[in-house]
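The values are calculated or read from the model by the stated rules, or taken from the named source; none is laboratory data. Note that the structure is predicted; figures quoted are calculated from it, not measured. Cβ: placed from backbone, ideal geometry, glycine included. Neighbour counts: every protein chain shown.
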Amino acid sequence: MTAQLLTRIDHVGIAVRDLDASIELYETTFGLTVASRETNEGQGVREAMLHVAGPPGEASYVQLLEPLAADTPVGKFLAGRGEGVHHIGYGVVDVAAALAQLEADGVRLVDERPRHGSLGASIAFLHPKSVGGVLTELVQTAAR
Ligand code: MC0
């Protein structure tokens with residue numbers, strides 16, 4: 001049997017057109033607070049992490065993603081599908097080791113090597129075509 005790779009749900013990534021308006025929606029509707037805001041040029045997004053539960057390093061978040069341009073992953077997603085759930089981010093102990101194992105198992109990777117993600121995490125995406133239509137992100141938190 002395959003050893004368990006995913007340790008927890010780190011975040012749910014949601015594609016939005018207006019980051020500030022969406023932050024306000026989650027603050028007023030659910031009482032969440034913003035843990036971090038960042039522009040990630042490499043991923044083509046302005047994003048905010050809103051804390052839901054748990055201590056730093058083991059916490060879970062709602063991640064709101066506004067595209068920096070139309071020709072970016074989130075920009076294309078918004079044009080094709082509109083606002084909504086864009087991806088799920090799962091915790092892993094070691095993202096590089098997880099990528100090596102998944103690649104050996106024949107899973108289609110988007111990222112061959114880990115990249116910089118929110119809150120200093122090391123992240124990598126798996127292609128939705130290999131994961132039942134769900135864009136899936138592996139997250140190794142900075143605390144580890
Ligand atoms: C595209 N597809 C998706 C999808 N995006 N399916 C499920 N969920 C998504 N989010 C599907 C399309 O519907 C299409 O299916 C096929 O994938 C190709 O789509 P495309 O529009 O032609 O797009 P591609 O091929 O140029 O790119 C798709 C790909 C890309 C997943 C490779 O979006 C990507 O590299 N994503 C990873 C990076 C990313 O998303 N960064 C933004 C978040 P059909 O059936 O029509 O062929 S950054 C982030 O989240 C960081 C800050 C963090 O967490 O720390």
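If you go through region 65-75 and keep only what is farther than 24 Å from residue 5 by Cβ and part of a helix (DSSP H, G or I), you end up with 74, 75. Taking region 99-140 as the range and being of a type in the set (Lys, Arg) and within 20 Å of residue 61 (Cβ to Cβ) as the test, only 115 passes. Just one of the listed residues (144, 81, 108, 113) is modelled with pLDDT under 95 and either within 24 Å of residue 37 (Cβ to Cβ) or not acidic (Asp, Glu) (or both), and it is 144.
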